[in-house]
Amino acid sequence: MTKTLQQYLLENLKNNPDRYDLVMMMADIATIGKLISARTNRAGLTDVRGLADSTNVQDETQAKLDIYTNDLCKEYLRNTALFAALASEEENNIVDLENPNAQYIIAFDPLDGSSNIDVNVGVGTIFSVHKRLPDVDAADIKQFLQAGHDQVVAGYLLYGSSTMLVFSWGDGVHMFTLDVDLGEFILSDEHVKIPDETPYYSFNESYAPYISAVDQARLGKIRAVTGKQRYIGSLVADFHRNLIKGGIYIYPAYDASGKGNFKPKLRLNYEAKPMAWLAEQAGGAASDGDNAILDIVPSELHQRVAVIIGNKKLVKEIL
Ligand code: AFP
């Protein structure tokens, strides 16, 4: 029988009264998803495609939709009063949301894969929620230097052929699909597990010559075990594909200059940590090549990290 997100959340609240804040938060994140989905779906009709005249803190050119979605998330999350502070891939600094009684902080990538918007390919919003550390200022960087294991909720919205909300609050991974006629997210799948079979790997093959010898060896093994490459270039879409179809995603550190100064691209707080939480909750694994992603204690807000994520057996095997 059809179950809406609202029914799901209320049912959950009945069984876990201590989840009140988390239930409210998921309802708010779902609304953010609907707003962004409406805008991305109309990207070709409104003047929101293309690049803005700005770069973010990572020195990456921002798409107009990066700015729109970042502002939307910021204002909406401020108004929910559930969050004391936020960190965004598109913000230089932590934003104090001036909600002194709020118990949570949130890190997010408002529009992951935004360079794909202009060609109508799936993009996403990724979020990671921690408890606010007591006795530390809301906007103190320590709030955002917590290890992934301490997340209380993490997930993503995928704006693809349909819009999906995929999240975990620590009891498995649950998926909802937006019914645009009803304006409601409908439960599609509970306790999703990464398949045992791993037919696919996701890697940007153009970087193959620029990764370390160790990663070349890992990649060789991945290619041999999986066989088929599928790479969309939006982490959310690539991860989602592997979650459903079975596979592994790898984005190693690379150096296109050939000088051996290998650097990773993906962001720990906004991309790797939340995806690693989902992977583990779905029976998978995530590593930076040395450590489980969820064990890494960030030392910087916008820290980058190498990522190998997906089927647990295969992640273990190639390490
Ligand atoms: P953008 O948001 O700038 O498009 O970056 C997306 C991303 O961080 C991640 O979603 C992709 O998996 C990855 O970059 C793709 O990077 P490459 O284009 O270097 O393969």
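The values are calculated or read from the model by the stated rules, or taken from the named source; none is laboratory data. None of the values given here were measured: they were computed from a predicted structure. Virtual Cβ from ideal backbone geometry, glycine too; neighbours counted across all protein chains shown. Surface areas here come from the heavy atoms of the whole protein model, side chains and all, with no ligands, DNA or RNA. Shrake-Rupley method; radii C 1.70, N 1.55, O 1.52, S 1.80 Å.
I'd like to know if region 255-268 contains one or more residues that are outside any helix (DSSP H, G or I), of a type in the set (Gly, Ala, Ser) and at pLDDT 95 or above. So that I can check it myself, show each step before the final result.
First, the residues of region 255-268 that are outside any helix (DSSP H, G or I): 255-267.
Remaining after also requiring of a type in the set (Gly, Ala, Ser): 256-258, 260.
Within this subset, residues satisfying the condition of being at pLDDT 95 or above are none.
The answer is no, given that none of the residues of region 255-268 is outside any helix (DSSP H, G or I), of a type in the set (Gly, Ala, Ser) and at pLDDT 95 or above.
Do we have LEU268 as over 21 Å from the mean Cα position of the chain (by Cα), within 16 Å of the ligand (Cβ to nearest atom) and open to solvent by less than 20 Å² (accessible area, probe 1.4 Å) here?
no
Is it the case that region 133-156 has a residue that's of a type in the set (Gly, Ala, Ser) and open to solvent by 50 Å² or more (accessible area, probe 1.4 Å)? Break it down stepwise before answering.
Restricting attention to region 133-156, the residues satisfying the condition of being of a type in the set (Gly, Ala, Ser) are 138-139, 147-148, 154-155.
Among the residues that remain, those that are also open to solvent by 50 Å² or more (accessible area, probe 1.4 Å) are: none.
No; the residues of region 133-156 include none that is of a type in the set (Gly, Ala, Ser) and open to solvent by 50 Å² or more (accessible area, probe 1.4 Å).
Only one of these conditions is not met by LYS259: (1) within 17 Å of VAL307 (Cβ to Cβ); (2) open to solvent by 20 Å² or more (accessible area, probe 1.4 Å). Which number is it?
The one condition LYS259 does not meet is (1).
Checking SER212 against (1) more than 16 Å from the ligand (Cβ to nearest atom); (2) out of contact with any Gly (no Cβ under 6 Å at 6 or more places or on another chain); (3) open to solvent by 30 Å² or more (accessible area, probe 1.4 Å), which single condition isn't satisfied?
Failing condition for SER212: (3).
How many residues are near the ligand (Cβ under 10 Å from one of its atoms) and without any contact (Cβ under 8 Å) to a residue 60 or more places away in the chain when one looks only at region 82-109? Steps first, please.
Let us first name the residues in region 82-109 that are near the ligand (Cβ under 10 Å from one of its atoms), namely 89-90, 109.
The next check asks that each one be without any contact (Cβ under 8 Å) to a residue 60 or more places away in the chain; those that pass are 90.
Of the residues in that region, 1 qualify.
If you go through region 222-274 one residue at a time, how many are free of Cβ contacts under 8 Å to residues at least 12 places away in the same chain and charged (D, E, K, R)?
The number of residues fulfilling the criteria is 1.
Could you list, in sequence order, all residues of region 291-319 that are without any contact (Cβ under 8 Å) to a residue 24 or more places away in the chain and in a strand (DSSP E or B)?
ALA292
How many residues are open to solvent by 10 Å² or more (accessible area, probe 1.4 Å), in a loop (DSSP other than H, G, I, E, B) and either in contact with a strand residue (DSSP E or B) (Cβ under 6 Å, 6 or more places away or on another chain) or over 15 Å from LEU77 (Cβ atoms) (or both) when one looks only at region 102-120?
Total meeting the criteria: 2.
Inside region 275-290, can you point out the residues that are in a loop (DSSP other than H, G, I, E, B), on the phi < 0 side of the Ramachandran plot and either in contact (Cβ under 8 Å) with a residue 40 or more places away in the chain or within 14 Å of the ligand (Cβ to nearest atom) (or both)? Give the steps one after another, and end with the answer.
Step one: of region 275-290, the residues in a loop (DSSP other than H, G, I, E, B) are 282-284, 288-290.
Filter once more, so that each one left must be on the phi < 0 side of the Ramachandran plot: 282, 284, 288, 290.
If the condition is that a residue be in a loop (DSSP other than H, G, I, E, B), on the phi < 0 side of the Ramachandran plot and either in contact (Cβ under 8 Å) with a residue 40 or more places away in the chain or within 14 Å of the ligand (Cβ to nearest atom) (or both), then ALA282, GLY284 are the ones that fit.
Are there any pairs with C-beta distances below 7 angstrom linking a residue in region 151-178 that is hydroxyl-bearing (Ser, Thr, Tyr) and part of a loop (DSSP other than H, G, I, E, B) to a residue that is surrounded by 19 or more Cβ atoms within 10 Å (Cβ to Cβ) and at pLDDT below 95, with the two at least 6 apart or on different chains, and if so which?
Short answer, once both residue conditions are applied: none.
Scan region 224-254 residue by residue and report those that are open to solvent by 60 Å² or more (accessible area, probe 1.4 Å) and within 11 Å of the ligand (Cβ to nearest atom).
TYR231, ILE232
Out of region 278-298, which residues are out of contact with any helix residue (DSSP H, G or I) (no Cβ under 8 Å at 6 or more places or on another chain) and either within 16 Å of LYS263 (Cα to Cα) or charged (D, E, K, R) (or both)?
ASP290
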